[in-house]
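Enquirer: The structure that follows is given in the form of structure tokens.
The values are calculated or read from the model by the stated rules, or taken from the named source; none is laboratory data. These numbers come from a predicted model, not from an experiment. Don't worry about glycine lacking a Cβ; one is built from the backbone with ideal geometry, like all the others, and counts go over all protein chains shown. These accessible areas exclude ligands, DNA and RNA; they are computed on the full protein's heavy atoms, side chains included. Shrake-Rupley method; radii C 1.70, N 1.55, O 1.52, S 1.80 Å.
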Amino acid sequence: MGDERVLAIDIGGTKMAVGIVDPGGRVESYERAETPKVDAEGLWRLVEALLDKLPESDLIGVGVGCGGPMQWPAGEVSPLNMRGWRNFPLRARLKERYPSLPVRVHNDAVAVAVGEHWRGAGKGSSNVLGMVVSTGVGGGLILGGRLIDGASGNAGHIGHIVVDPGGMPCACGGRGCLEAIARGPALAAWAQAEGWRAEQEIASARDLAADAARGHPIAVAAMRRAGRALGIGIASATHLCDLDVVAIGGGLAQAGPLLFNPLEETFRAHARMQFARHVRVVPAALGQTAGLVGAAALVFEGESYWNAD
């Protein structure tokens, strides 16, 4: 197995990335680009352009993590944060490009969860929730050492746990979802409504986190707002699933203690059952490559992480 390689693809509302991954979870070649706001074919052309930049390799399969929801395992994707793709046949398009290889497509947050369980912060633990907090908020569940898909492949979608029933409208059509509060663009919009002004004309959560690190009171309050919402959602998930580890990746997670301190405080306040108190909530160990590593694991470790054809 040492000479085998997997083509891994990670597609989200902020970035697209492709890479060649070895059996140890190391990303050998890597290309990425910001996700543009274009139509379906424009998005697909960007994927192909990134793939064209990778060196030729002997591959055993293609693993993909893409924003959801999606029709699984068909791999028809409709990411809430990529309006150009609605029921886009991503898996079929990749099968056309790589007809001799297995192609496995799952949710991007599921790929992060798988990557963290396989080679990251959840390695050695049987019950892991992996999360992405970025343009959206998603998650994936490993229970008993195996990925849990659910009826439609969307199990673990913690971004749509309701943490504030009277809260902000969410893109899913609900109100008060974790994603509606804690996703980066929503957090930046909240801070601007409270009087925060970024130096950049188009403010982002990265700008917000930078200002929070400098002590800007509204930016600090925004990080606490996100941390509290995440803590409530994770406490609920922990009570439901009896977890060992929660690993959080994505751009907002890079804010470090500004996010994790209020998260931990809120989580401990709400995770009151004795069995929930041992849970560790930690940053994703694999950083920005977690999605690629997890996508590769869909192929390398299919007996644990791929429950379809």
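Enquirer: Give me the 1.4 Å probe accessible area per residue for the stretch 53-131, excluding ligands and nucleic acids, in Å².
Expert: 38
Enquirer: Here's a follow-up. Order the peptides 291-299, 60-68, 3-11 from the highest to the lowest mean number of other Cβ atoms within 10 Å of their residues.
Expert: 291-299, 60-68, 3-11
Enquirer: Round to the nearest 10 and report in Å² the accessible area of LEU143, as given by a 1.4 Å probe over the protein chains' heavy atoms.
Expert: Result for LEU143: roughly 50 Å² accessible.
Enquirer: Which residue, ILE232, ILE218, ILE142, has the most motion in a Gaussian network model of the chain that connects Cα atoms within less than 10 Å?
Expert: Among ILE232, ILE218, ILE142, the largest mean-square fluctuation in the Gaussian network model of the chain belongs to ILE218.
Enquirer: Below 17 Å, Cα to Cα, which aspartates and glutamates can LYS53 reach? Residues fewer than 8 away in the same chain don't count.
Expert: ASP10, GLU28, GLU31, GLU34
Enquirer: Ok, one more. Between rounded, prolate and oblate, where does the stretch 183-305 land on the alpha carbon gyration tensor, with a ≥ b ≥ c its root eigenvalues, rounded for a/c under 1.5, else prolate if a/b exceeds b/c?
Expert: oblate
Enquirer: Then there's this: Using a 1.4 Å probe on the protein chains only, how many percent of the accessible area of the chain belongs to carbon and sulfur?
Expert: Carbon plus sulfur share of accessible area: 50 percent.
Enquirer: Okay, moving on. Of the GluC sites (Glu not before Pro) in the stretch 23-67, which ones lie in a loop per DSSP and count no more than 15 other C-beta atoms within 10 Å?
Expert: Filter output for the stretch 23-67: GLU56.
Enquirer: Follow-up question, since we're still on this one. Express in whole angstrom the spacing between the alpha-carbon centres of the stretch 109-145 and the stretch 290-307.
Expert: 11
Enquirer: Once a ≥ b ≥ c are taken as the square roots of the eigenvalues of the Cα gyration tensor of the stretch 198-251, is the result rounded (a/c under 1.5), prolate (a/b larger than b/c) or oblate (a/b not larger than b/c)? Each step should come with its number before you reach the end.
Expert: Numbers: a/c = 3.37, a/b = 2.52, b/c = 1.34.
In terms of gyration-tensor shape, prolate.
Enquirer: Let me ask something additional. What shape does the stretch 262-309 take by its C-alpha gyration tensor, where a ≥ b ≥ c are the square roots of the eigenvalues and a/c under 1.5 counts as rounded, a/b above b/c as prolate, and the rest as oblate? Walk me through the numbers on the way to the answer.
Expert: On the way: a/c = 4.21, a/b = 1.96, b/c = 2.14.
It is oblate, given that a/c is not under 1.5 and a/b is not larger than b/c.
Enquirer: What relative contact order, as a whole-number percentage, does the stretch 36-171 give when Cα pairs under 8 Å and 6 or more residues apart are counted?
Expert: So the answer I get is 19 percent.
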